[in-house]
Amino acid sequence: AQSVTQLDSQVPVFEEAPVELRCNYSSSVSVYLFWYVQYPNQGLQLLLKYLSGSTLVKGINGFEAEFNKSQTSFHLRKPSVHISDTAEYFCAVSRSGYALNFGKGTSLLVTP
Amino acid sequence: DSGVTQTPKHLITATGQRVTLRCSPRSGDLSVYWYQQSLDQGLQFLIHYYNGEERAKGNILERFSAQQFPDLHSELNLSSLELGDSALYFCASSPLPDTEAFFGQGTRLTVV
């Protein structure tokens with residue numbers, strides 16, 4: 001079965017600084033990869049997805065992620081964060097016909 | 001707004017009781033997923049329905065059951081409730097099983 005490990009439970013960062021949220025997955029078959037964001041008291045919103053094709057994926061709100069098959073990683077990056085990016089971020093993996101399997105989440109805290 | 005509607009938003013009930021959570025998927029989406037989110041377990045996949053048929057089961061307790069109706073809305077039934085069942089329950093939908101899922105706002109269940 002496929003699984004996801006989010007390596008950092010909390011990431012504090014100053015406003016306008018770059019950020020990287022790390023995600024590693026394990027699977028013996030081809031997978032699809034996703035990043036979701038959850039703001040307080042809200043549902044999950046899709047940031048970006050990798051299904052196939054280009055390994056660099058651009059999403060909403062200036063986020064991007066790179067699929068690295070050899071390192072089984074799908075790290076999320078943003079060159080300059082805003083206070084409004086403070087939220088919980090979830091990496092998820094699935095394979096054809098199966099539901100999403102989520103990591104434990106990374107809490108991004110952006111301070112002035 | 002993801003287009004996925006969950007009712008009720010909040011539910012407070014006593015131990016031993018039974019509740020039903022309702023989900024209306026996005027128009028045209030055939031897949032419905034249920035997830036449980038708690039502080040200690042994170043986001044746990046419960047069950048997946050596709051076009052009325054159960055497709056996959058995750059960490060769903062025997063006290064819990066679900067169904068998807070001909071109009072594609074879904075209900076999650078939780079019975080003999082325990083304090084530990086207190087959590088956020090999310091419904092998500094997708095047009096096909098291996099594409100991204102769109103999440104509702106969740107139902108916050110509190111068992112007292």
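The values are calculated or read from the model by the stated rules, or taken from the named source; none is laboratory data. For clarity, every value in this text was computed on a predicted model and none was experimentally measured. All Cβ positions, even for glycine, are placed from backbone atoms using ideal geometry, and neighbour counts span all protein chains on display. When the accessible area is computed, the model is the full protein with side chains, heavy atoms only, and any ligands, DNA or RNA have been set aside. Shrake-Rupley method; radii C 1.70, N 1.55, O 1.52, S 1.80 Å.
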Where the Cα pairs of chain A fall when distances are cut into 5 Å bins, in %: 2, 13, 25, 26, 19, 10, 4, 1, 0
Charged-residue dipole, Cβ positions (Lys, Arg, Asp, Glu), chain B about Cα centre, Debye nearest 20: 260 debye
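Provide the buried accessible surface between chains A and B in square angstrom, both chains summed, 1.4 Å probe, rounded to the nearest 100. Please report the intermediate quantities before stating the final value.
Numbers: alone 6250 and 6090 Å², together 10780 Å².
Buried area between the two chains comes out at roughly 1600 Å².
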Ratio Rg/Rh, restricted to chain B and using Cα atoms, in which Rh is the Kirkwood radius: 0.94
In sequence order, calculated HN-Hα J values of region B:60-75 (Karplus, 6.51, -1.76, 1.60; Hz; x Gly/Pro): 9, 6, 5, 6, 9, 8, 9, 7, 10, 8, x, 7, 6, 6, 10, 10
Mean Cβ count within 10 Å, highest first, over the residues of peptides B:6-12, A:46-52, B:87-93, A:33-39: B:87-93, A:33-39, A:46-52, B:6-12
Of A:86, A:33, B:87, farthest towards positive along the dipole that unit charges on Lys, Arg, Asp, Glu beta carbons give the protein assembly as shown: A:33
The protein assembly as shown: equivalent-ellipsoid semi-axes (sqrt of 5 x gyration tensor eigenvalues, Cα, Å): 29, 21, 15
Neighbourhood net charge (14 Å Cβ-Cβ; Lys/Arg +1, Asp/Glu -1) for residue B:75: 0
